[in-house]
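The values are calculated or read from the model by the stated rules, or taken from the named source; none is laboratory data. These figures come from a predicted structure and were not determined experimentally. Cβ: placed from backbone, ideal geometry, glycine included. Neighbour counts: every protein chain shown. Side chains included, ligands, DNA and RNA excluded: accessible areas come from the protein's heavy atoms. Shrake-Rupley method; radii C 1.70, N 1.55, O 1.52, S 1.80 Å.
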Amino acid sequence: QGPIIGYYGAIADWFDSALVAALAQQRPGWNFVLIGSTWSADLEPLQALDNVHLLGEKPYASLPPYLHAFDAAIIPFKKTPLTQATNPVKLFEYLSAGKPVIASDLDELRHYREHASLAHDVESWLEALEQALVPQAAPVVEARFEFARQNTWEKRFQDLQVALKNAFPRVSV
């Protein structure tokens, strides 16, 4: 019951469990489903919360049904030198399912603010999640699909080949 706010990926020291705990405490009617290895994560803030569900690591091939069940997808990373330089692939995966994405306001994610809501504190996270849970118009969801289609590994490789051919026309790529 209630909306499902989902995350999959490593739940490690860069994962902001204190933030997720604060969100879960503020919205006890929402379910926070977290899928992934929890090695090196501080899970203490999440332990006593009935609406936080740590499902553990799952095979990659089993993730699509979970993603389909998410009402909104999150990337709650702490601001560290590592995360500031990280371009999370999960953003593109979440968008490929048409899901609204809320993420920590990280340097690399600012390039995608047209496709993801960026938040910096509990209040802005709650506001962005509330907006994400409002039913989305079909063109908004289709724009997410199209953006994801333009960001597959195959498409990126093709773009890189074109760029290399343009930069080095005499070299066979």
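Data table
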item: Between the range 1-58 and the range 114-173, the alpha-carbon center distance in angstrom; result: 25
item: Exposure of Thr152 as accessible area (Å², to 10), given a probe of 1.4 Å and all protein chains; result: 60
item: Computed lengthening from Ser40 to Leu164, 0.36 nm per intervening residue step minus Cα-Cα distance; result: 40.7 nm
item: Full-stretch length increase - Phe157, His53 - with 0.36 nm per residue and alpha-carbon distance subtracted; result: 33.8 nm
item: Residues with amide H under 5 Å from that of Phe15, placed H, sequence gap 5 or more; result: Lys78
item: Highest-first arrangement of 110-123, 47-60, where packing means the average Cβ count within 10 Å; result: 110-123, 47-60
item: Förster radius 22 Å - calculated FRET efficiency between Tyr60 and Ala12, Cβ distance, rounded to 0.05; result: 0.80
item: Charge dipole (debye, nearest 20) of the chain; +1 at Cβ of Lys and Arg, -1 at Cβ of Asp and Glu; result: 740
item: For the range 87-170: relative contact order, % (alpha-carbon pairs under 8 angstrom, 6 or more apart); result: 32
item: Sum of -39500 (n - 2.57) over DSSP H runs of 4+, divided by residues of the chain (222 nm, nearest 500); result: -11000 deg cm²/dmol
item: Fraction of antiparallel bridges per DSSP, the chain only, in percent to nearest 5; result: 5
item: Of Lys90/Lys155; Lys78/Lys155; Lys99/Lys165; Lys58/Lys99; Lys99/Lys155, pairs whose Cα-Cα distance is over 27 Å; result: Lys78/Lys155; Lys99/Lys165
item: Shape category assigned to the range 18-64 from the gyration tensor of Cα positions, a/c cut at 1.5; result: oblate
item: Karplus (6.51, -1.76, 1.60) ³J(HN,Hα), θ = phi - 60°, over the range 40-52, in Hz, Gly and Pro reported as x; result: 6, 8, 8, 8, 3, x, 9, 4, 9, 9, 5, 9, 10
